[in-house]
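K.L.:
This is the structure I want to talk about, given as structure tokens.
The values are calculated or read from the model by the stated rules, or taken from the named source; none is laboratory data. The shown structure was predicted, so the numbers you read here are calculated from the model rather than taken from an experiment. Here the Cβ positions follow ideal geometry from the backbone for every residue, glycine too, while neighbour counts run over all protein chains shown. Just so you know, the surface numbers come from the protein's heavy atoms only, side chains and all, with ligands and any DNA or RNA stripped out. Shrake-Rupley method; radii C 1.70, N 1.55, O 1.52, S 1.80 Å.
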Amino acid sequence: MSSSAKSNIKIAPGAIVCNECELKGDISIGAKTVIHPKAKIVAESGPIIIGENNLIEEQCEILNIDPNPENSHNESVMIIGSNNIFEVGSEVNCLKIGDNNIVEAKSFLGRHSNLSNGCIIGAGCKITTEETMEENIVVYGGDCKRRKGLDKPVPQHLQIDFLCKVLPNYHHLKKSTKKPTA
Amino acid sequence: MSPFDKELLEKVLYRCSCGSRKPISSLYFCRHCLDLRCGFCVSHEVDSHYCPNCMENMPSAEARLKKNRCANCFDCPHCGHTLSTRASSVSVPSPDDPTKMTAKKVYYLACAFCRWTSRDIGLPDQLVASGAWPEQTNPYSERISTLQEHYRTIAQREKMEKESRRFLGRKLSYLHLSDKYGLSSVAARKRSGLSSLALGASGLTGGVAGAGVGREDIGRLVDIAPATPVSLHEINDLPTELLTDPIDMYNMTTLEQRFAQVEFQPERVDKIYPTHKHLMIKRSQRCRRCEHNLSKPEYNPTSIKFKIQLAAYYHVPEIIIFKVEPMERGKHTRFVIKVVNPTNSGSVLEVVSLAEYQDTKAKEDAARKEKGEEEKTTVSAINPLRQPSIVEATDQNMNIATAEVTLPKSKIYLPPRDDAAEFDEGGVDLAGHVDDRDVVMWRKSNKVGIQLKVKPSEENVLVAFAIQYQYTNTIFAHDSKKEVRTATICVPVFLNLGKAA
């Protein structure tokens, strides 16, 4: 039986979460994370914890939905680290994502794959294998060729700062719930 | 189903002059021979070289020097995509004041597809955006160039010997007088015992003293020594670590990556170098029989237009299968074809059977032979070494039709293409021709729907007939000497109507 959809959303101060995005379930969003409008985060079969400095773009779907709800009685927690970028149209179902990853446009991550740190999943690539990616792996091409990069991709601080300044001018934002520490 | 799918293209095929069946989009129409030409009946020539990335034109001599590669653009050695130059800021101590740090722009190459960067192989970032990238030097290039020089002198000497041997039959005294090849001076040097001079002079000793003498006196400034051989025992066997070490697949290069750099063929991924981008060519096509240009693109690489474009699509009526009723074997079924006239002049279309087409062709050939026109082996005006030729395959086209088709007896008028017709209200101007209501289904400016009947006998219904139409050569009209000529052209067409129940 899927958990009830009682929304429990904790937004840290400093996070920019647009009003038009769809948030369902138990979600916790870290500071300086930017969530664009039309993004969809659904925490149906367990909570989703999103770290800091992430960039979640339009039409991106972060789903914690168990396809066989009868089998698992435990709640599966989805943990996303910091400095990740989820580009437009990407769909993420996996439970563990580390830091500094880039999930490019229209890519797909299945439920059983996990990303460690510094991985880049190329545009349009579908990863459904049951594995944890090694660090700094680049997946590219129509047939998902792989390559080992030298080090993690550059974090996009400039872009996030710019969005923090510009998005409030054009969109309504959700209010942060945590009280800032005194 | 995209409109360029092979299935859709193969539905209507025209017979080219060589006998092969091609869709109208793959054919050219030679307006001097008044015949269709396909890719095999046409000679393809290189028009110009250009880089597909920076669109820079390059004259062919320069292209050959640079081994057909662009000077500015690079390909990613990992995936083959084009590399783009990216900038990043680095703070360096400013030259005026060593304690202050100023930001300076440094450039590196990056691939947008596989995210490879020039830093992956350790190439230092450059201060200039383009042109400063270091090239790998071939360790054998010196040896190869000295070998090339050596063989070049031998080849030159042999050529001189061949030339001088031709004159041996003539009077020797004349040669002595003219000193055309410097013979007298060389002969004098030989007699006095001095060493012969390099290159040209030494070649002539062969003419005077017989072949083979001059070759030992090389007298070259650089003496070529053969390469020192290495004993087989010194070369190591395959290292046994290959069998015991775990395989590191991420660091091994694939064969494609290796062959992209033929001179070095590195085995490890951190040794692959960005290669210069290959140039592309623009090609022009020429009719093989009359040597006239059929297709000539514009010189500008960014322009996709043509200076000369004699594609069949613009000169030959196009037949499109419009509607086919469900077919049953043995029963007469109707189908409608749409005929489009692409030219600016009206034409009268007549649908004839293939048997009639063969008869007329045979009569034409007989008439030509009677007139006495022999088959001359023509010499090409452009390149005297080439004999223009079109190879005709044995005609297998006459028996491939699997269904009988009932052809309309009447002639159908095809109005010319009129660009202003869409704004004109009013019917189609038939120029006095009367339409047969049974045959012509509908008309729309330069398009006609024609109804035919087919009686399938097999599952795959293939129908063959020939269309006969008029072609008016309006291009010559500008030249006042030649009047506008109208010719009747007959082309066999093959339609694939689909499957019969």
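K.L.:
From Cα coordinates alone, what are the radius of gyration and Dmax values for the stretch B:252-348 in angstrom?
P.N.:
25.7, 71
K.L.:
B:LYS453: which aspartates and glutamates have alpha carbons under 12 Å from its alpha carbon, excluding same-chain residues fewer than 8 sequence positions away?
P.N.:
B:GLU325, B:GLU404, B:ASP438
K.L.:
Can you give the alpha-carbon Rg of the stretch B:1-64 over 2.2 N^0.38 Å, where N counts its residues? Write out the running numbers ahead of the final one.
P.N.:
Working: Rg = 16.8 Å, N = 64, 2.2 N^0.38 = 10.7 Å.
Scaled against compact globular proteins, the figure is 1.58.
K.L.:
Can you give the average number of partner chain beta-carbon atoms within 10 Å of each beta-carbon in peptide B:244-252, as a whole number? Kindly include the intermediate steps, with their values, before the conclusion.
P.N.:
On the way: counts 0, 0, 0, 0, 1, 2, 7, 1, 0.
If you average over the peptide's residues, the count of other-chain Cβ atoms is 1.
K.L.:
Consider just the alpha-carbon atoms of the stretch B:16-161 and return their Rg together with their Dmax, both in angstrom.
P.N.:
Every Cα atom of the stretch B:16-161 included, Rg and Dmax give 25.5, 81 Å.
K.L.:
Another question, then. Return the subset of B:LYS104/B:LYS271; B:LYS296/B:LYS411; B:LYS22/B:LYS447; B:LYS323/B:LYS411; B:LYS22/B:LYS363 for which the Cα-Cα distance in this structure is over 24 Å, preserving the input order.
P.N.:
Numbers: B:LYS104/B:LYS271 28 Å; B:LYS296/B:LYS411 36 Å; B:LYS22/B:LYS447 22 Å; B:LYS323/B:LYS411 21 Å; B:LYS22/B:LYS363 26 Å.
In this structure, B:LYS104/B:LYS271; B:LYS296/B:LYS411; B:LYS22/B:LYS363 lie more than 24 Å apart at Cα.
K.L.:
Related question: When the Karplus curve 6.51 cos²θ - 1.76 cosθ + 1.60 is applied with θ = phi - 60°, which whole-Hz ³J(HN,Hα) does each residue of the stretch A:151-165 get, with x for Gly and Pro?
P.N.:
After applying 6.51 cos²θ - 1.76 cosθ + 1.60, I find 8, 5, x, 5, x, 8, 5, 4, 5, 5, 4, 4, 5, 4, 7 Hz.
K.L.:
Rounded to the nearest 0.05, what FRET efficiency do B:SER91 and B:VAL336 give with R0 = 60 Å and r taken as the Cβ-Cβ distance? Could you check?
P.N.:
Numbers: r = 76 Å, r/R0 = 1.26.
So the FRET efficiency works out to roughly 0.20.
K.L.:
Would you mind giving the mean number of other chain beta-carbons within 10 Å of the Cβ of each residue in A:135-142, as a whole number?
P.N.:
Numbers: counts 0, 1, 1, 6, 1, 9, 4, 0.
Across the residues of A:135-142, the mean count of other-chain Cβ atoms within 10 Å is 3.
K.L.:
State the Cα centre-to-centre distance between the stretch A:139-165 and the stretch B:254-289 in whole Å.
P.N.:
The stretch A:139-165 and the stretch B:254-289 have Cα centres spaced 29 Å from each other.
K.L.:
Output the residues of the stretch A:147-164 meeting this criterion: accessible area (heavy atoms, 1.4 Å probe) in the chain alone minus accessible area with all protein chains in place is 20 Å² or greater.
P.N.:
By number: A:ARG147, A:LYS148, A:LEU150.
K.L.:
In square angstrom and rounded to 100, what buried accessible area do you get between chains B and A, total over both, with the probe at 1.4 Å?
P.N.:
On the way: alone 32710 and 9810 Å², together 41550 Å².
Chains B and A together bury roughly 1000 Å² of accessible area.
K.L.:
Take every DSSP beta bridge whose two residues both sit in the stretch A:35-149, then give the antiparallel share in percent to the nearest 5.
P.N.:
Values: 4 of 29 bridges.
If we restrict to bridges inside the stretch A:35-149, about 15 percent are antiparallel.
K.L.:
Let me ask something else. What whole-number distance in Å separates the alpha-carbon centres of the stretch A:22-53 and the stretch B:311-342?
P.N.:
59
K.L.:
Taking 0.36 nm per residue of sequence separation and subtracting the Cα-Cα distance, how much length would be gained by fully extending the chain between B:HIS81 and B:GLU325, in nm to one decimal?
P.N.:
The span from B:HIS81 to B:GLU325 would gain 82.9 nm if fully extended.
K.L.:
Among all the aspartates and glutamates, which ones have a C-alpha under 15 Å from A:LYS10's C-alpha, if same-chain residues fewer than 8 places away are not counted?
P.N.:
Hits, sequence-local ones excluded: A:GLU22, A:ASP26, A:GLU52.
K.L.:
Another question about this same structure. With 26 Å as the limit, write out which pairs from A:LYS32/B:LYS100; A:LYS96/A:LYS126; A:LYS40/A:LYS174; A:LYS152/A:LYS174 have Cα-Cα distances beyond it, or answer none. Working shown, then result.
P.N.:
Numbers: A:LYS32/B:LYS100 32 Å; A:LYS96/A:LYS126 17 Å; A:LYS40/A:LYS174 14 Å; A:LYS152/A:LYS174 32 Å.
Too far apart for the 26 Å limit: A:LYS32/B:LYS100; A:LYS152/A:LYS174.
K.L.:
Computed from the mean reciprocal separation of all distinct C-alpha pairs, what Kirkwood hydrodynamic radius does the stretch A:23-180 have, in Å? All intermediate terms of the calculation are to be shown ahead of the outcome.
P.N.:
Working: mean 1/r = 0.0627 Å⁻¹.
Taking the inverse mean of 1/r over all distinct Cα pairs, the stretch A:23-180 comes out at 15.9 Å.
K.L.:
Another question, then. Be a star and scan the stretch B:288-323 for residues whose amide nitrogen sits under 13 Å from the point 7 Å along the Cα-to-Cβ vector of B:LYS11.
P.N.:
Only B:319-323 fall inside the zone, counting backbone N under 13 Å.
K.L.:
Moving on to the next point. Could you calculate the contour length gain from A:VAL77 to A:ALA31, that is, 0.36 nm times the residue separation minus the distance between their Cα atoms, to one decimal place in nm?
P.N.:
Working: separation 46, 0.36 × 46 = 16.56 nm, distance 1.94 nm.
Full-extension gain reported as 14.6 nm.
K.L.:
Identify the residues of the stretch B:20-61 with backbone N under 15 Å of a label point that sits 7 angstrom from the Cα of B:SER303 along the Cα-to-Cβ direction, or state none.
P.N.:
Taking a point 7 Å out along Cα→Cβ of B:SER303, the residues of the stretch B:20-61 whose backbone N falls under 15 Å are B:48, B:57.
K.L.:
Based on alpha-carbon atoms only, what is the radius of gyration of the stretch A:117-182 relative to the globular estimate 2.2 N^0.38 Å? Walk me through the intermediate numbers first.
P.N.:
Numbers: Rg = 17.7 Å, N = 66, 2.2 N^0.38 = 10.8 Å.
Rounded to two decimals, the normalised Rg is 1.64.
K.L.:
With a cut-off of at most 16 other beta carbons within 10 Å, and DSSP calling the residue loop, which GluC sites (Glu not before Pro) in the stretch B:45-94 qualify? Please list them. Please list the in-between numbers first.
P.N.:
Details: sites: B:GLU45, B:GLU56, B:GLU62; in loops: B:GLU56.
Filter output for the stretch B:45-94: B:GLU56.
K.L.:
Taking all protein chains in place and a 1.4 Å probe, what share, in percent, of the accessible surface of the stretch B:210-362 do carbon and sulfur account for? Could the numbers behind the result be given before it?
P.N.:
Numbers: 5650 of 10110 Å².
The value for the stretch B:210-362 is 56 percent carbon and sulfur by accessible area.
K.L.:
OK, next. Taking the Cα-to-Cβ direction at B:ASN53 and at B:ARG258 and moving 7 Å from each Cα, how far apart do the two end points lie in nm?
P.N.:
Modelled inter-label distance: 2.5 nm.
K.L.:
Would you tell me the mean number of C-beta atoms belonging to other protein chains that fall within 10 Å of each C-beta in B:57-63, as a whole number? Write down the numbers at each step before the final one.
P.N.:
On the way: counts 0, 0, 0, 0, 0, 0, 0.
Mean number of neighbouring Cβ atoms from other chains: 0.
K.L.:
For the pair B:HIS44/A:CYS164, report the inter-label distance in nm, with labels modelled 7 Å from Cα in the Cβ direction.
P.N.:
5.8
K.L.:
Using only the Cα atoms of the stretch B:54-111, each taken as one equal point scatterer with no solvent, compute I(q) by the Debye sum, divide by I(0), and report log10 of the ratio at q = 0.19, 0.29 Å⁻¹.
P.N.:
At q = 0.19, 0.29 Å⁻¹ the computed log10 ratios are -0.78, -1.10.
K.L.:
So what is the calculated 222 nm ellipticity per residue for chain A, using -39500 (n - 2.57) for each DSSP H run with n of 4 or more, over all residues, to the nearest 500 deg cm²/dmol? Display every interim value, and only then the final one.
P.N.:
Numbers: 1 runs with 14 residues, N = 182.
Rounded to the nearest 500, the figure is -2500 deg cm²/dmol.
K.L.:
Taking H placed 1.01 Å from N in the peptide plane, check which residues at least 5 places from B:LEU83 or on another chain put their amide H under 5 Å from its amide H.
P.N.:
Long-range HN contacts for B:LEU83: B:PHE74, B:ASP75, B:CYS76.
K.L.:
Tell me, what is the percent relative contact order of chain A, built from C-alpha pairs under 8 Å that lie six or more residues apart? Kindly include the intermediate steps, with their values, before the conclusion.
P.N.:
On the way: 525 pairs, mean separation 32.2, N = 182.
It comes to 18 percent, rounded to a whole number.
K.L.:
In nm, to one decimal, how far is the modelled label at B:ALA155 from the one at B:ALA367, with both set 7 Å along Cα→Cβ?
P.N.:
5.5
K.L.:
For B:GLU404, enumerate residues with amide H under 5 Å from its amide H, sequence gap 5+ or separate chain, H modeled in the peptide plane.
P.N.:
Residues meeting the amide H criterion: B:LYS455, B:SER457.
K.L.:
Can you list residues from other chains, or at least 5 along the same chain, whose modelled amide H is less than 5 Å from the amide H of B:ASP47?
P.N.:
B:LYS282, B:ARG283, B:SER284
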